[in-house]
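Peer 1: This is the structure I have questions about; it appears just below.
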Amino acid sequence: MTITHPASATGVHGFELASKDPAVLRAAFGRFPSGIAALSAVIDGVPTGLVATSFSVGVSFDPPIVLFSVQNSSTTWPVLRSAASIGASVLGKDHAAVCAQLASRTGDRFAGLDTIATDTGSLFIGGSSLLLDCEILSETPAGDHHIILLQVTAIKVEADMDPLVYHGAAFRQLVPNYEI
Ligand SMILES: Cc1cc2nc3c(=O)[nH]c(=O)nc-3n(C[C@H](O)[C@H](O)[C@H](O)COP(=O)(O)O)c2cc1C
């Protein structure tokens, strides 16, 4: 069976109107597993950053482009976007508490964290599974968010470190899918 238009599915086959209940939407989008990236830079000497599960790679390979979407209400992005370059750290499997700290609304998000800063001000989180040095390419309005395209200028792969996974409002770790 092919569904050609979302409106035609509403009320039948168990579909609900996507815009009806934000909690339904949040729970539905939470079924999509994702990695988590910390987007960080040192701005006027102050470590600045946020975490994003909307982060995605492989938008383009030539040039290499990644993206994330940021809430229009973010108080950090208006500051972070002034950075000459931004460090995107794909958080590692042991970073659940670090992620919660980096998303906190109060206190120093970087207190006690193992960080690496570059000459251009990009800031990376130690223990991450992938580090991407990035420059902002574009900012496009998308509903209550903006989509930020980042061009990747340098890469460091930490092959021995598995990424942290976010799914169903919980942090998870990858489990090998053994063949039987
Ligand atoms: C697991 C997780 C994923 C998040 N993903 C995003 C995201 O993709 N985009 C976003 O704007 N904020 C996201 N946030 C919220 C931000 O990290 C941050 O808390 C928010 O921007 C509010 O802080 P601010 O006003 O300093 O920006 C996420 C938070 C958590 C805990």
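Peer 1: What FRET efficiency, computed as 1/(1 + (r/R0)^6) with R0 = 25 Å and r the Cβ-Cβ distance, is obtained for HIS13 and ALA169, rounded to the nearest 0.05?
Peer 2: Approximately 0.45, to the nearest 0.05.
Peer 1: A further question follows. Relative contact order of the chain, please, whole-number percent, based on alpha carbon pairs below 8 angstrom and at least 6 residues apart.
Peer 2: Value for the chain: 24 percent.
Peer 1: Of all GluC sites (Glu not before Pro) in segment 119-180, which ones are in loop regions per DSSP and have a Cβ with at most 14 other Cβ atoms within 10 Å?
Peer 2: On the way: sites: GLU135, GLU139, GLU158, GLU179; in loops: GLU158, GLU179.
Taking segment 119-180 and a limit of 14 other Cβ atoms within 10 Å, the loop GluC sites (Glu not before Pro) found are GLU179.
Peer 1: Within a 10 angstrom radius of the beta carbon, how do LEU17, LEU102 rank from fewest other beta carbons to most? It would help to have the intermediate numbers written out before the result.
Peer 2: Working: LEU17 13, LEU102 22.
Listed from fewest to most nearby Cβ atoms, that is LEU17, LEU102.
Peer 1: Let me ask another. Tell me the Kirkwood radius of segment 64-121: reciprocal of the mean inverse pair distance over distinct alpha-carbon atoms, in Å.
Peer 2: Values: mean 1/r = 0.0745 Å⁻¹.
When all Cα pairs of segment 64-121 are included, the Kirkwood radius is 13.4 Å.
Peer 1: Given MET161, ALA38, ALA18, which one lies farthest toward the positive end of the charge dipole of the chain, if we put +1 on the Cβ of every Lys and Arg and -1 on the Cβ of every Asp and Glu?
Peer 2: Toward the positive end, the furthest listed residue is ALA18.
Peer 1: Taking each pair of distinct Cα atoms in segment 37-169 once, what is the resulting Kirkwood hydrodynamic radius in Å?
Peer 2: After inverting the pairwise mean of 1/r, the radius is 14.8 Å.
Peer 1: Can you tell which of ALA23, ALA142, ALA52 shows the greatest fluctuation in a Gaussian network model of the chain with Cα springs below 10 Å?
Peer 2: Evaluated over the chain, the most mobile residue of the options is ALA23.
Peer 1: Can you tell me the FRET efficiency between SER73 and TYR178 if r is taken as the Cβ-Cβ distance and R0 is 45 Å, rounded to the nearest 0.05?
Peer 2: For SER73 and TYR178, the calculated efficiency is 0.55.
Peer 1: While we're looking at this one, here's another question. Using +1 on the beta carbon of Lys and Arg, -1 on that of Asp and Glu, and nothing else charged, what's the dipole of segment 64-143 about the Cα centre, debye to 20?
Peer 2: Numbers: 4 positive and 7 negative charges, 55 e Å.
Dipole of segment 64-143, to the nearest 20 debye: 260 debye.
Peer 1: Can you give the FRET efficiency to the nearest 0.05 for LEU25 and ALA142, using r as the Cβ-Cβ distance and R₀ = 22 Å? Write down the numbers at each step before the final one.
Peer 2: Details: r = 15 Å, r/R0 = 0.67.
Plugging the Cβ-Cβ distance into 1/(1 + (r/R0)^6) gives 0.90.
Read-outs: derived from the displayed coordinates by stated rules, not from any lab. Owing to the predicted nature of the structure, the values given are computational and were not obtained by experimental measurement. For neighbour counting, all protein chains shown are included, and Cβ atoms are generated from backbone atoms with ideal geometry for every residue, glycine included.
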